[in-house]
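Engineer: Dropping the structure in here first, questions after.
The values are calculated or read from the model by the stated rules, or taken from the named source; none is laboratory data. Please read all numbers here as calculations on a predicted model, not as lab measurements. Note: ideal-geometry Cβ built from the backbone for every residue, glycine included; neighbour counts use all protein chains shown. We work out accessible area using only protein heavy atoms, side chains counted, and drop any ligands, DNA or RNA first. Shrake-Rupley method; radii C 1.70, N 1.55, O 1.52, S 1.80 Å.
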Amino acid sequence: MPPLLEARSLTKHYGRTVALDGVSFEVGEGVTGLLGPNGAGKSTAMKLFLGLIQPTAGAALILGEAPYDSPEGRNRIGYMPENDCLPRDMTATEFLMLMAQLSGLPPSQARTRAADTLRHVGLDEERYRPMHEYSTGMKQRVKLAQAIVHDPVLVLLDEPTAGLDPDGRQEMLRLIDRTARNFGISVMLSTHLMGDVERIADSVIVLESGVLAQEGAVASLTQETETLIIEVAEGVDAFAAILAERGVEANSDGNLLVIEHAKEEDYDTVRDAAVDAGARLRRLAPARRTLTDIFRGGPA
Amino acid sequence: MRQPGAEVFDLGYQRYTGPREGRNRARWALFWNGVRTLLGIGRGGKSKILPVLLFISAITPAVVFVVILAFIGDLAAAVEEGSFVPGPADYYGVVALVLILFGAIMAPELLGPDRRDNVLPLYLVRPLTTLDYLVVRLLAFAVIALALVYSGQAVLFAGQAFTSDEPLQYLRDNWADIPRILLVGVVIALFISVATLAVSAYVVRRAVAAAVIIGAYIVMGGVVDGLTFAENCTNFEANFGESPWLEEQECDYLIGDFAPYVGLLQPAGVTDNINALVFDLDPQSPGSLAVSELPDLTPVAAYLVWVLVPAAALWNRYRRIRL
């Protein structure tokens, strides 16, 4: 079975500007984050996979088919754009029915799917109101609902948390997580917010200046490092002094002690020193790399 | 009444296992969406006012014609006397103006919101191409335009039949008008649809698009009539009685021999000339009179140009839209 998405030496030029330069990767089931700063080529990659634009060279394939050349194949994907895209005067129900039928569903099934999908995104009560009356959060939910109303195998989300307040962002991330875990619809999430990817993605593809910078499972990219983080409630100075006497160099930062290049036996030393110093341990854990570290070439 | 033991279960998200009907379902859905938009179905009460007014405007001339016919009484005698006896061709002359208003007001309403609200990319990531979108939108518009012109013609035809002494005999004598009515209706509806949608493709704001369409119709019509006005024309005085399509013209135009060709640039004349050709009538304006000096098929060729050029402009606009 072909991968859900596949980029084969994917290249896109806009005049002399190279948006994507021979990028190759595959996307499987689950949640995949497409990360990169502005201008990295994320939106271009999305549009190529959606069949909105044609590659200059290479291929963008969805389930083994090129969406630009075979429109029929597009009825198994969904798309949620970053910007406003909802017709002001339509109700959410009418809009979702239309979008379901545009993906090939007969009217009676489209009506049922529209009602069900709006309920799943938490818009049951407001579904008959014109959409220009909706809040930003409600509009984001309709945008997600129209992307999944036809039950695609894969949905492409472009900056789905853009413009949302912290609560709205958490809610949207929960909804995306449910879409993948409970609804069984794979997700490709384009964002420049690494926190979003770390929170819900299984794997990540990092683009930078039109080329592939990193790819892999989020868990392996953010694996544990050799840096040991110790947080104590009190007695941090005495604790650090005892550690230094026993040959373990620790840098203090408030209530935190950081030991670089910690070895296996250092854990026992830390435990004994904490007892001897009367320091109350709150946390003792190896540091993990964050996606921010990966971007900035941080500690491995 | 509550049924004992009845309970509502939330089954959670269910995968869709029903039929997927492909592109034709998508085209059909977009077509109905266009029809609903144009008629204001599923929108607030305000959205229905304009379509209703336009349908009333299209039917009113037909009703007036029927009233005139009822007063004339003996139609055959009136025709022989040379009195004005309104018929389907006259109705098309009047309703073309209503259709221009319909196009000016409703064409921006059909295309504008899809671009203004950025809905177009959502349509085009479905199994629809840009060409599908344009053809389906055009068809939706043309169907409503046809409904407008045919509704008036239906009223007029029925009125003519029932105001005559013998309705069945009237139908037998005038059945040949039916294909003419249908043909000219398609000609007018297609031209208005393509031309007004092309303007709307370039001008997003509804009021501006409407002003451009109505302005172009009136200004170009006036300029062409002015340029093709004949100072001396043997048939000019009698051109509404005689048939200048059949007789040799001797006209002195302000712009000389170019006049017949300039006459082809008149938007109102595009359909007037075809109407005159199909119903075998005299031209109704100086521009059309000048065009009548050209070979019979010239208005047909001009019509095709008037339809194909806006169609190409429409396609060109959407082909270049950055999604």
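Engineer: Report, by residue number, each residue of segment A:8-24 that is in contact with a Leu (Cβ under 8 Å, 6 or more places away or on another chain) and of a type outside the set (V, I, T).
Structural biologist: Going through segment A:8-24, the residues in contact with a Leu (Cβ under 8 Å, 6 or more places away or on another chain) turn out to be A:8, A:10-12, A:20, A:22-24.
Across segment A:8-24, the qualifying residues are A:R8, A:L10, A:K12, A:L20, A:G22, A:S24.
Engineer: In segment A:164-185, which residue that is open to solvent by less than 20 Å² (accessible area, probe 1.4 Å) and touching a residue at least 40 places away in the same chain (Cβ under 8 Å) is nearest to A:L5 (Cα to Cα)?
Structural biologist: A:I185
Engineer: Out of B:V136, B:V125, which single residue is surrounded by 19 or more Cβ atoms within 10 Å (Cβ to Cβ), facing chain A (nearest Cβ under 7 Å) and of a type outside the set (D, E)?
Structural biologist: B:V125
Engineer: Follow-up. What number of residues within segment A:101-112 are open to solvent by 20 Å² or more (accessible area, probe 1.4 Å) and either more than 9 Å from chain B (Cβ to nearest Cβ) or farther than 14 Å from B:N24 by Cα (or both)?
Structural biologist: 4
Engineer: Can you name the condition, by its number, that A:V149 falls short on among (1) closer than 19 Å to A:I77 by Cβ; (2) open to solvent by 10 Å² or more (accessible area, probe 1.4 Å)?
Structural biologist: Going through the list (1) closer than 19 Å to A:I77 by Cβ; (2) open to solvent by 10 Å² or more (accessible area, probe 1.4 Å), A:V149 breaks only (2).
Engineer: Could we say that A:L243 is assigned by TED's automatic domain parsing to the domain that holds A:M46 and open to solvent by less than 70 Å² (accessible area, probe 1.4 Å) here?
Structural biologist: no
Engineer: Test A:T161 against the stated conditions and say whether it is touching a Leu at 6+ places or on another chain (Cβ under 9 Å), more than 15 Å from A:R74 (Cα to Cα), open to solvent by less than 20 Å² (accessible area, probe 1.4 Å) and within 9 Å of chain B (Cβ to nearest Cβ).
Structural biologist: Numbers: touching a Leu at 6+ places or on another chain (Cβ under 9 Å): yes; more than 15 Å from A:R74 (Cα to Cα): yes; open to solvent by less than 20 Å² (accessible area, probe 1.4 Å): yes; within 9 Å of chain B (Cβ to nearest Cβ): no.
In short, no.
Engineer: Residue under question is B:F162, and the condition is that it be crowded, with 22+ Cβ neighbours inside 10 Å and farther than 18 Å from A:P87 by Cβ; does it hold?
Structural biologist: Values: crowded, with 22+ Cβ neighbours inside 10 Å: no; farther than 18 Å from A:P87 by Cβ: yes.
Answer is no for this residue.
Engineer: May I pose another question? So which pairs qualify, if the first residue must be in segment A:237-248 and farther than 18 Å from A:K263 by Cβ and of a type outside the set (S, T, Y), the second must be assigned to a helix (DSSP H, G or I) and open to solvent by less than 50 Å² (accessible area, probe 1.4 Å), the Cβ gap must be under 7 Å, and the two must be at least 6 apart or on different chains?
Structural biologist: From segment A:237-248, the pairs are A:A238/A:A277; A:F239/A:A273; A:F239/A:A274; A:F239/A:A277.
Engineer: Looking only at segment A:192-205, filter to residues that are modelled with pLDDT of 90 or more and open to solvent by less than 10 Å² (accessible area, probe 1.4 Å); which one of those is nearest to the chain's Cα centre (by Cα)?
Structural biologist: Only one residue tops the list, namely A:I200.
Engineer: Of all residues in segment B:167-182, count the ones that are closer than 14 Å to B:P88 by Cα and either out of contact with any helix residue (DSSP H, G or I) (no Cβ under 9 Å at 6 or more places or on another chain) or surrounded by fewer than 13 Cβ atoms within 10 Å (Cβ to Cβ) (or both).
Structural biologist: 3
Engineer: Would you list the strands (runs of 3 or more DSSP E) that sit entirely within segment A:1-51 and hold 2 or more residues that are polar (S, T, N, Q) and modelled with pLDDT of 95 or more? Show your work before the answer.
Structural biologist: Details: elements: A:5-14, A:17-27, A:31-35.
Counting at least 2 such residues, we get A:5-14.
Engineer: Shifting gears a bit: Take B:P108 and tell me if it is in contact with a Cys (Cβ under 8 Å, 6 or more places away or on another chain) and in contact (Cβ under 8 Å) with a residue 40 or more places away in the chain.
Structural biologist: Numbers: in contact with a Cys (Cβ under 8 Å, 6 or more places away or on another chain): no; in contact (Cβ under 8 Å) with a residue 40 or more places away in the chain: yes.
So B:P108 does not fit the description; no.
Engineer: Can you tell which of B:D272, B:D257, B:D296 is at pLDDT 70 or above, farther than 26 Å from B:A195 by Cβ and either in contact with a helix residue (DSSP H, G or I) (Cβ under 6 Å, 6 or more places away or on another chain) or open to solvent by 70 Å² or more (accessible area, probe 1.4 Å) (or both)?
Structural biologist: Going through B:D272, B:D257, B:D296 in turn, just one is at pLDDT 70 or above, farther than 26 Å from B:A195 by Cβ and either in contact with a helix residue (DSSP H, G or I) (Cβ under 6 Å, 6 or more places away or on another chain) or open to solvent by 70 Å² or more (accessible area, probe 1.4 Å) (or both): B:D257.
Engineer: Can you find even one residue in segment A:139-158 that is away from chain B (no Cβ under 14 Å) and of a type in the set (A, V, I, L, M, F, W, C)?
Structural biologist: For segment A:139-158, residues away from chain B (no Cβ under 14 Å) and of a type in the set (A, V, I, L, M, F, W, C): absent.
Engineer: Is it the case, given these coordinates, that A:S43 is within 14 Å of another protein chain (Cβ to nearest Cβ), open to solvent by 20 Å² or more (accessible area, probe 1.4 Å) and of a type outside the set (F, W, Y)?
Structural biologist: The answer is yes for A:S43.
Engineer: Answer yes or no as to whether A:R282 is outside any loop (DSSP other than H, G, I, E, B), surrounded by fewer than 14 Cβ atoms within 10 Å (Cβ to Cβ) and of a type outside the set (S, T, Y).
Structural biologist: For A:R282, the condition - outside any loop (DSSP other than H, G, I, E, B), surrounded by fewer than 14 Cβ atoms within 10 Å (Cβ to Cβ) and of a type outside the set (S, T, Y) - is met.
Engineer: Please determine, by comparing only the residues of segment A:53-100 that are free of Cβ contacts under 8 Å to residues at least 40 places away in the same chain, open to solvent by 20 Å² or more (accessible area, probe 1.4 Å) and at the interface with chain B (Cβ under 7 Å from one of its Cβ atoms), which one is nearest to A:K143 (Cα to Cα).
Structural biologist: My answer is A:N83.
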